[in-house]
DNA sequence: AGAAAGCTTGACGTTAACGTAAGTCACGAC
DNA sequence: GTCGTGACTTACGTTAACGTCAAGCTTTCT
């Protein structure tokens with residue numbers, strides 16, 4: 001089982017990303033595959049990190065934020081203090097996401113009500129109306 | 001009542017935007033204030049358009065989209081055909097927004113459930129866990 | 001062995017919506 | 001007249017997350 005080492009191609013297919021993305025993440029120090037000559041080989045650790053990175057993206061975390069979180073873990077995830085920071089960061093993000101969703105909902109309601117007014121929709125786009 | 005003409009400063013305060021923003025919108029042909037010498041003077045029409053632009057932004061419309069919508073209206077909002085296009089555009093945007101919100105909600109639920117697991121949150125950020 | 005494939009690094013390009021800096025102009029105040 | 005103030009134009013800078021060449025090195029197929 002060379003199941004443990006994957007080429008860049010395999011990684012791309014497995015995670016549905018482009019090679020450029022993986023190299024980019026590496027340049028940003030988010031992952032650090034080993035080298036066989038000049039080729040990159042990704043370990044299970046890399047896959048784990050990538051998985052988290054992609055998940056983080058779905059949460060809206062920026063890559064830099066994810067890097068910090070991953071580093072926090074590396075330097076002792078067992079560390080109570082570090083863990084707390086991670087949790088705090090996550091909580092803040094959660095709050096952000098909820099605010100964002102609320103605003104989005106308001107905008108949706110507003111736009112929908114405009115639409116429901118049928119042709120009165122025009123009023124919404126009537127410049128100097130009245 | 002010079003209520004009808006406003007300077008760039010007054011506009012900025014009234015709408016909470018910077019001068020740069022107004023000039024930028026002008027460059028993008030979203031508004032077109034008249035000139036008193038070299039100074040810009042904004043009419044009620046400009047204010048109406050700006051209001052719509054800012055509202056559109058809250059809806060997530062890009063400036064270019066707003067420009068098109070505003071133009072549609074200008075060239076005969078009374079035109080049945082144009083109106084339909086506007087409505088279609090709005091409907092599509094609405095659908096987009098709803099999809100976006102749904103995804104956001106999923107991410108929120110996911111992140112929240114991680115957090116609710118208290119310290120198990122760590123698991124979410126545990127690279128090669130298990 | 002020669003060519004096609006695949007990987008690599010490097011570096012510039014892209015998009016949106018302005019920010020920011022530099023140098024001019026014009027006008028009321030003194 | 002000239003100083004301060006505000007407005008103006010022009011143009012480059014910014015941010016994020018890659019995309020898109022370009023050009024060279026290997027490995028692989030035939």
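Considering region A:32-45, and only residues there that are within 9 Å of DNA strand C (Cβ to nearest atom) and not in a strand (DSSP E or B), the residue that is nearest to residue A:64 (Cα to Cα) turns out to be A:33. The sole residue among A:41, A:22, A:63, A:70 that is in contact (Cβ under 8 Å) with a residue 12 or more places away in the chain and within 14 Å of another protein chain (Cβ to nearest Cβ) is A:70. Looking across region B:1-31, the residues that are in a loop (DSSP other than H, G, I, E, B) and surrounded by 14 or more Cβ atoms within 10 Å (Cβ to Cβ) come down to B:5, B:7, B:17, B:30, B:31. Contact map, region A:95-118: residues that are facing another protein chain (nearest Cβ under 7 Å) paired with residues that are in a helix (DSSP H, G or I) and surrounded by fewer than 12 Cβ atoms within 10 Å (Cβ to Cβ), Cβ distance under 6 Å, separation 6+ or inter-chain. No pairs are found. When each of B:53, B:31 is tested for being more than 8 Å from chain A (Cβ to nearest Cβ) and within 16 Å of DNA strand D (Cβ to nearest atom), the lone residue that passes is B:31.
Just one of (1) within 11 Å of chain A (Cβ to nearest Cβ); (2) in a loop (DSSP other than H, G, I, E, B); (3) modelled with pLDDT under 95 fails for residue B:76. It is (1).
More than 25 Å from residue B:113 (Cβ to Cβ) and within 11 Å of DNA strand D (Cβ to nearest atom): does that describe residue A:43?
On the way: more than 25 Å from residue B:113 (Cβ to Cβ): yes; within 11 Å of DNA strand D (Cβ to nearest atom): no.
No; evaluated as a whole, the condition is false for this residue.
The values are calculated or read from the model by the stated rules, or taken from the named source; none is laboratory data. The model shown is predicted, which means the values in this text are computed figures rather than measured ones. Cβ sites come from the backbone with ideal geometry, for glycine too, and all protein chains shown count toward neighbours.
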